[in-house]
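Undergrad: First, the structure itself, so that you have it in front of you.
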Amino acid sequence: MSLTSAMFSGVSGLLNQAEGINVIGNNIANVNTVGFKGSRTLFSDVLSTTTASTAGNSQMGHGVQLQKIDNLFSQSSLESTGNVTDVAIQGDRFFALAKPSTAGNTAITPDAAYYTRAGAFRLDGQATATLAGSLVNPEGYVVLDSEGKPIQIPLTNDLAAPSATNMTFQKIVGIDAKGVMSLLYADANGGSKTYYYAGAAGTTAPLDASVAANYATVTTAGTSGQLGTVKIGNPPGMDKLGGAMFKATNQSGFPDAAATTTWASNGVTEKLFSNNLEQSNVDMANEFVKMILTQRAYSANSKTITTSDEMTQEVLNLKR
């Protein structure tokens, strides 16, 4: 095997270690990105050349190649924010989102939805004669409910309200472990009442059974009031889209289209925590160790090239 083969092996090491440092740099850059899931670089050797020897066939490698950049979906720590519409997931599920301005009664198919662990939600303020607005993420993507439809908040509580007095929406005051929202409504005389926002009566009862009298139905808005969360069979197979969002693929698998049973947390093994956000799962100490190892590997590969060059120069000097 010629000395130039050693050079090409060294070059492959340089190129692929550079890709490795790109992944590490991206992880560190997103250490404070809410809901960010870090990546790792996997390398593999290149097809080897078989050479004859007295001890039988021997194989000599030709360097390294990038095998796969894996997304890591380990659970990260939760940070208390004091904002009721900040929601974190404990478990393996994902929030489901739809494109901005998606119609309220539109059921989103699993392949058209976007998935995220970043639960920094808010009302978009796009009030109408019947709605107080939709629940959206910072980029305007609409949060889906347990039926796969955009969550829209009714402006008034005349949807089966226990009170005879029509009340107007004030704010979201709570989200329980199942994702069922409680909404505060008030009338012109200063009276107020909290209602639990859900779809057809009895579909998704609040965890506290004592509030059944205030369990409002929201048939006019056409959606349930439970934040939708879905289980992805193979999360590393999803495509990253930016904005801490992912898209399901054939490799990752799609959630079952039976939204009422698949797109909802049970509040026990899978819980939602209001007033919290899941932080990035990047471990700074681990990333810096990887950075040092990658830098040393890069230097070693460059040394392979310079050494091969020096040996080639010695061969050329034989003619003198």
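The values are calculated or read from the model by the stated rules, or taken from the named source; none is laboratory data. Source: prediction; values computed, not measured. Please note: Cβ atoms are built from the backbone with ideal geometry, for glycine as well, and neighbour counts cover all protein chains shown.
Undergrad: Condition first: crowded, with 18+ Cβ neighbours inside 10 Å and part of a strand (DSSP E or B). Now tell me which residues in segment 132-151 satisfy that.
TA: Within segment 132-151, the first condition is being crowded, with 18+ Cβ neighbours inside 10 Å, and the residues that meet it are 132, 134-137, 141-151.
Listed by number, the residues that qualify are 132, 134, 135, 136, 142, 143, 144, 145, 150.
Undergrad: Name, by its number, the condition in (1) part of a helix (DSSP H, G or I); (2) farther than 26 Å from residue 7 by Cβ; (3) aromatic (Phe, Trp, Tyr) that does not hold for residue 298.
TA: (2)
Undergrad: For the subset of segment 24-38 comprising residues that are over 14 Å from residue 77 (Cα atoms) and surrounded by 19 or more Cβ atoms within 10 Å (Cβ to Cβ), which member is nearest to the chain's Cα centre (by Cα)?
TA: So the first thing to find is which residues in segment 24-38 are over 14 Å from residue 77 (Cα atoms), and the list is 24-30.
Narrowing the set further to residues that are surrounded by 19 or more Cβ atoms within 10 Å (Cβ to Cβ) leaves 24, 27.
Numbers: 24: 18, 27: 14 Å.
Per the stated criteria, the residue is 27.
Undergrad: Residues being buried (at least 18 other Cβ atoms within 10 Å of the Cβ) and part of a strand (DSSP E or B): count how many of those fall in segment 96-130.
TA: The number of residues fulfilling the criteria is 8.
Undergrad: I'd like to check something: does segment 47-63 contain any residue that is at pLDDT 90 or above and in a strand (DSSP E or B)?
TA: no
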